[in-house]
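For reference, the structure is listed below as structure tokens.
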Amino acid sequence: MSQPLSVLAILLVCLTTLTLGALGLRLAKGTSDFYVAGRTVTPWRNASAIGGEYLSAASYLGVAGLVYDRGVDMLWMPVGYTVGYLVLLILVAAPLRRSGAYTLPDFAETRLESATLRRGCALLVVGIGWLYLLPQMQGAGLALRHVSGAPTWVGAGVLTVIVTLNVVAGGMRSVTLVQSVQYWIKLSAIAVPAFVLLAVWHRSGAPAPQADTSWWEPLTGDAPGRTLFTTYSTLAALCLGTMGLPHIAVRFYTNPDGVAARRTTVSVLALLSLFYLFPPIYGFLGRAYLDPSEISDDPSRTVVLALPGAMLPGLDGQLLTALAAGGAFAAFLATASGVTMSVAGAIDQDVLRPLAARVTHGDASPSASFRIAAATGVLAPFVVAITAAPIGISSAVGHAFAIAAATFAPLLILGVWWPRLTAKGAAAGITVGGVTTLVAALVSVTDLAPGGWPGALLAAPTAWATPLAFAVTMLVSLVTPRPRRWARTMSRLHAPEDVLAEA
């Protein structure tokens, strides 16, 4: 059934995104502006941009659907999403900014002096980015279909076109401006309906949602041991994977200095905590008001969009649904913009350009190769999104976190804090972590996973794959030579900015 108000809300969000992107284009003057927004983004604005980027379809739609479908166990998901930034703050935020790098592959080469390792990291960035883009595109298609009846490829196509235009036009300047505004759009779009629906539920005197014991109580069911393992492994993926997500790490390169990077992270924790108060409300109320037939597509995609109409038939419900739909599309656009920026940077710097032509920290304008990289970087996930069966939003994003936790997290943590790290050790660890988690993701997504403990280990591989990657990295590093300038690089990562400026 077509909902004109919701379609109008999505259209307004798209037009706002394009307008902000055009404004960012006017501000982008050179390479530094294009890749890292001139390294002048203030902590609060950067925190809003990170919040806009990080709160993807998995947060806006997925958390509510998981709480509705699987119970209070899923409240650990927003906790893990938020705690990941606390781990990032403590371990790598300031040193990562002091490295002076543009991207994670750039950091790998700066720290370990290996062009081969850089190229391997670039391939990993592209892989994680595509895995993250796929559910955003499919979610956009299903969200637009839910409110307009249009084929799913239409929503995915609209998302792809708008994101590509913004990224190729103004780079990080445009993306930062778009994401910082879209955080507040998303917060308003999920908070206002939540308050209204809670008031309706309270005024109606309806009882609490009816549910069986396993929905209300955590870690219950037929296999409590495996459920406990899955919970802890998922939390580990969220805590460690956050720092390894390429589109998150690159935002810390836009701060003026390490102090600003730490302040940014503290602000992000506040903004994420505020947002995650609301998605569980939709899952809770959905248990009382939603008929399973109304969300037959996938609870993780449709609970937030279906609940207002179920509780408030008529114009009031349509207005709230329109607000929620606009916020959902803002989530798709903001996250896809950041991921596309990271993927395009990796393809441009390490695939399309020869070694001698990579972007340096000078002031030259970015070449056409970046724009080609951005266009081609979104093509593969778009084709998969419109041809493959829908993949659960939270499942796909969860595997992206798991891959990042077993690959980039060891590289960053050991690269920042362990002087003995070597390029061969990092390459070995990334290979082991990447292969194990990627195989686990493919087996799980294609429904080939066996039952019992083997299936649980493949569904949530972080608890064993990440320690294995750390161990391999350290063992190989101990028997291979360190980079020649390791001491100078470590000093740069940890020395205060005023000391570096005087030097």
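Quick notes
- M243 meets each of the listed conditions (1) open to solvent by less than 10 Å² (accessible area, probe 1.4 Å); (2) under 14 Å from E53 (Cβ atoms) apart from (2).
- Taken over region 81-119, the criterion of being within 30 Å of T160 (Cβ to Cβ) and surrounded by fewer than 20 Cβ atoms within 10 Å (Cβ to Cβ) is satisfied by R119 alone.
- In region 262-296, the qualifying residues are those that are modelled with pLDDT under 75 and small (G, A, S), and the one that is nearest to C121 (Cα to Cα) is S296.
- Meets criteria (open to solvent by 10 Å² or more (accessible area, probe 1.4 Å) and either touching a strand residue (DSSP E or B) at 6+ places or on another chain (Cβ under 9 Å) or β-branched (V, I, T) (or both)) for V416: no
- On inspection, G38 passes the criterion of being part of a helix (DSSP H, G or I) and at pLDDT below 75.
- Region 104-157: number of residues that are farther than 19 Å from H247 by Cβ, in contact with a helix residue (DSSP H, G or I) (Cβ under 6 Å, 6 or more places away or on another chain), among the hydroxyl-bearing types (S, T, Y) and part of a helix (DSSP H, G or I): 2
The values are calculated or read from the model by the stated rules, or taken from the named source; none is laboratory data. Owing to the predicted nature of the structure, the values given are computational and were not obtained by experimental measurement. When we count neighbours, we look across all protein chains shown, and the Cβ atoms used for this are built from the backbone with ideal geometry, even at glycine. Side chains included, ligands, DNA and RNA excluded: accessible areas come from the protein's heavy atoms. Shrake-Rupley method; radii C 1.70, N 1.55, O 1.52, S 1.80 Å.
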